Amino acid sequence: MTETTVKKTAARRVQPKVDLLHLAMTEARAEARTLADLPKELIGGQHPHRAAEIYRSRGGDWGQINRRREAVGTGGVDGLIVQAAFEAFSTRDATKVREGLVRLAALAGAAVERIDKAAA
């Protein structure tokens, strides 16, 4: 009885995928460190309560624009980011402003990631 020899091959190493979103957020963090001190107030102006109302209105306008764009297949990241920026400052509640800014940062990071993927 003869034994067959099994040919051994070296395991191929899979190259890890680059996390483009992580790279974009690292870049954003570095950029944030170069900014001068931000103003003390989240919403400035002589009448910040009016600004919040205007931002809420503009956010609603952009919500409608984005729905119309999506209905005809012409939606874009630009509209989502503009809407998120207005909505982030549409309240005086710092917790809600923070939530809106996190959403804005997520959209911006995803947009940068999309640009980087297209360039790769």
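Some observations on this one:
- Per residue, the solvent-accessible area of the chain (1.4 Å probe, heavy atoms of protein chains only, all protein chains present) comes to 84 Å².
- Karplus 3J(HN,Hα) series, Hz, for the stretch 29-35 with 6.51 cos²θ - 1.76 cosθ + 1.60 (x for Gly, Pro): 4, 5, 5, 4, 5, 8, 6
- The chain, accessible surface, carbon-and-sulfur percent (1.4 angstrom probe): 56 percent
- Reduced Cα scattering model of the stretch 16-75, Debye log10 I(q)/I(0), q = 0.13 Å⁻¹: -0.74
- Net dipole in debye of the chain [+1 Lys, Arg Cβ; -1 Asp, Glu Cβ; about Cα centre; nearest 20]: 360 debye
- Protection proxy ranking of 94-106, 38-50 - average other beta-carbon atoms within 10 Å, highest first: 94-106, 38-50
- Positive-pole candidate from Val112, Leu20, Ala52, dipole of the chain, charges at beta carbon: Leu20
- Inter-probe distance in nm under a simple model that places probes 7 Å from Cα toward Cβ, at Val14 and Ala51: 4.9 nm
- The label-point distance for Asp78 and Lys96, in a model that sets each label 7 Å from Cα toward Cβ, rounds to 2.9 nm.
- Mean projection of the Cα convex hull over all viewing directions, computed for the chain: 14.7 nm².
- Considering only alpha-carbon pairs that sit under 8 angstrom and 6 or more positions apart, the relative contact order computed for the chain is 27 percent.
The values are calculated or read from the model by the stated rules, or taken from the named source; none is laboratory data. None of the values given here were measured: they were computed from a predicted structure. Positions of Cβ are backbone-derived with ideal geometry, glycine not excepted, and every protein chain shown enters the neighbour counts. These accessible areas exclude ligands, DNA and RNA; they are computed on the full protein's heavy atoms, side chains included. Shrake-Rupley method; radii C 1.70, N 1.55, O 1.52, S 1.80 Å.
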